[in-house]
Amino acid sequence: MLGCPFSTATDQTPPPASDELAFLAEVHSGAGLADRIAVCRAALAAGGPAPLTSAELTWAGRVAWRNHARCIGRLYWRTLAVRDERTIDTADGMIASLLDHVALAQADGTVRSVMTVFAPPERAGGPAPRIWNHQLCGYAGYRGRGGAVRGDPKNVALTEQALALGWEAPAEPGAFDLLPWIVAGRNGPPQLFRPPAGLLREVGLRHPDLPWFEGLGLRWYAVPVVTDLRLRAAGTDYPAAPFNGWYMGTEIARNLADTERYNLLPLIADKLGLDRRSERTLWKDRALLELNVAVVHSFGADGVRLVDHHTASVEFMKFCEREKSAGRDVSARWDWIVPPMSPSTTQVFHTPMREFATTPDFHAQPPAWSRE
Ligand code: ARG
């Protein structure tokens with residue numbers, strides 16, 4: 001076991017352009033590979049997207065997951081279902097496809113990993129479809145007079161965009177109001193869509209031993225479908241390529257506990273009867289633990305797949321071993337991989353990591369409305 005808590009060294013020079021098609025070797029061999037590389041190179045040189053087959057696109061999506069330095073859940077990268085929707089470039093078409101994505105991903109609580117790839121720009125850098133939301137599910141954040149936020153502060157800017165586009169917030173704005181989708185086709189204005197009530201599954205939080213917990217009225221949605229990252233694969237950018245895995249419990253606990261999010265630890269600590277006058281009572285740690293217990297318990301009781309951070313750490317170590325056997329280095333960011341609860345009790349905390357540029361991969365992009 002190696003103690004290396006701050007090994008977050010990065011080597012982020014982008015991969016050379018020639019590497020961007022290297023993943024095709026995992027789909028083809030011999031002359032077939034050389035032909036496919038030549039065809040893709042020619043298309044890229046002409047300024048267009050690489051004309052990947054659906055099988056190649058599937059592999060690109062899986063390898064992007066396998067490569068992504070911030071994800072602890074990569075053991076399951078081969079199970080990703082990739083939906084080839086590259087012919088879709090209108091808001092209506094995207095909304096219909098996203099509804100299917102949700103149905104497939106939620107799968108009665110089993111939670112399947114799914115990615116949907118919409119049309120890339122016709123020419124590199126040109127207009128492409130975008131989804132304005134951070135995720136398909138997200139709770140509105142309403143900034144009131146005086147600056148206090150009701151709901152999720154993370155979504156204040158998106159909530160303002162939705163309101164400006166004509167979204168009507170519930171008459172009585174709540175802490176957990178699901179936001180509408182804002183979807184823009186390649187050409188044409190962003191369109192608002194309110195998913196039908198009940199379509200996006202949510203879990204009400206309760207605690208196995210603390211009956212009052214349920215009365216806090218806390219909830220979270222079942223599946224995180226990330227919609228604002230750009231997929232870069234085979235020299236081509238896909239600004240709309242939403243994907244989902246399943247939650248790790250600490251992600252939800254942090255959303256509810258972080259001071260710049262729901263900031264609920266003082267409330268939970270008070271309910272637990274803890275003394276908040278001194279840091280030395282460790283009231284934050286105790287409140288955070290009970291919140292994590294409630295998240296893991298509630299998802300389990302509702303039959304919605306969610307991994308606890310101990311299991312996720314074991315799975316990540318197994319992933320690293322498998323990658324080593326396959327002759328591949330793992331790019332990983334220690335500060336993202338290590339769970340935020342009891343980190344030193346997990347093996348990943350004691351494992352040095354290095355981040356380096358990979359392809360295919362997912363990348364941050366400016367908010368869609370910043371180009372409007
Ligand atoms: N951390 C994000 C959230 O709390 C979700 C990111 C993706 N997570 C995942 N388990 N696939 O909503």
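The values are calculated or read from the model by the stated rules, or taken from the named source; none is laboratory data. The structure presented is a predicted model; accordingly, all values stated were derived computationally and were not measured. Cβ: placed from backbone, ideal geometry, glycine included. Neighbour counts: every protein chain shown. The protein model used for the area step is the full one, side chains on, heavy atoms only, and it has no ligands, DNA or RNA in it. Shrake-Rupley method; radii C 1.70, N 1.55, O 1.52, S 1.80 Å.
Let's see how each residue does on (1) among the small types (Gly, Ala, Ser); (2) more than 22 Å from the chain's Cα centre (by Cα):
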{"site": "Leu21", "(1), (2)": "no, yes"}
{"site": "Gly30", "(1), (2)": "yes, yes"}
{"site": "Ala38", "(1), (2)": "yes, yes"}
{"site": "Ala42", "(1), (2)": "yes, yes"}
{"site": "Glu56", "(1), (2)": "no, yes"}
{"site": "Ala69", "(1), (2)": "yes, no"}
{"site": "Thr110", "(1), (2)": "no, no"}
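Screening Ala64 against (1) more than 15 Å from the ligand (Cβ to nearest atom); (2) in contact (Cβ under 8 Å) with a residue 12 or more places away in the chain; (3) small (Gly, Ala, Ser); (4) part of a helix (DSSP H, G or I) leaves a single unmet condition, (1). Within the stretch 251-263, residues that are of a type outside the set (A, V, I, L, M) sit with their Cβ atoms under 8 Å from residues that are open to solvent by less than 20 Å² (accessible area, probe 1.4 Å) and within 9 Å of the ligand (Cβ to nearest atom), at 6+ positions apart or across chains, in these pairs: Glu251/Pro224; Asn255/Trp220. Picking from residues in the stretch 190-221 that are under 16 Å from Asn133 (Cβ atoms), among the aliphatic types (A, V, I, L, M) and assigned to a loop (DSSP other than H, G, I, E, B), the one that is most open to solvent (accessible area, probe 1.4 Å) is Leu199. Can you tell me which of (1) away from the ligand (no atom under 14 Å from the Cβ); (2) open to solvent by less than 50 Å² (accessible area, probe 1.4 Å); (3) of a type in the set (Gly, Ala, Ser) is the one Ala257 doesn't meet? Tallying (1) away from the ligand (no atom under 14 Å from the Cβ); (2) open to solvent by less than 50 Å² (accessible area, probe 1.4 Å); (3) of a type in the set (Gly, Ala, Ser), Ala257 fails exactly one: (1).
Being part of a loop (DSSP other than H, G, I, E, B) and of a type in the set (Gly, Ala, Ser): is that true of Gly147 here?
Details: part of a loop (DSSP other than H, G, I, E, B): yes; of a type in the set (Gly, Ala, Ser): yes.
So Gly147 fits the description; yes.
Among the residues making up the stretch 103-146, those that are within 25 Å of Ala197 (Cα to Cα), aliphatic (A, V, I, L, M) and open to solvent by less than 10 Å² (accessible area, probe 1.4 Å) are Ala105, Val111, Val114, Met115, Ile131, Leu136, Ala140.
Considering only the stretch 1-27, how many residues are modelled with pLDDT of 90 or more and in contact with an Asp or Glu (Cβ under 8 Å, 6 or more places away or on another chain)? Before you say what the answer is, go through the steps one by one.
To start, the set of residues in the stretch 1-27 that are modelled with pLDDT of 90 or more comprises 19-27.
Right, trim to in contact with an Asp or Glu (Cβ under 8 Å, 6 or more places away or on another chain) and you get 24, 27.
The qualifying residues number 2.
Residue count for the stretch 222-247, restricted to those that are within 11 Å of the ligand (Cβ to nearest atom), part of a strand (DSSP E or B) and open to solvent by less than 20 Å² (accessible area, probe 1.4 Å): 3. The set of residues in the stretch 169-189 that are within 14 Å of the ligand (Cβ to nearest atom) and part of a strand (DSSP E or B) contains only Leu178. Being away from the ligand (no atom under 16 Å from the Cβ), among the β-branched types (Val, Ile, Thr), at negative phi and open to solvent by 40 Å² or more (accessible area, probe 1.4 Å) is a property that Val149 has.
For every residue, the table says whether it meets (1) under 23 Å from Gly125 (Cα atoms); (2) within 16 Å of the ligand (Cβ to nearest atom); (3) open to solvent by less than 60 Å² (accessible area, probe 1.4 Å).
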residue: His28; (1), (2), (3): no, no, yes
residue: Asp35; (1), (2), (3): no, no, no
residue: Gly48; (1), (2), (3): yes, no, yes
residue: Glu56; (1), (2), (3): yes, no, yes
residue: Gly73; (1), (2), (3): no, yes, yes
residue: Trp77; (1), (2), (3): no, yes, yes
residue: Leu80; (1), (2), (3): no, yes, yes
residue: Met94; (1), (2), (3): yes, no, yes
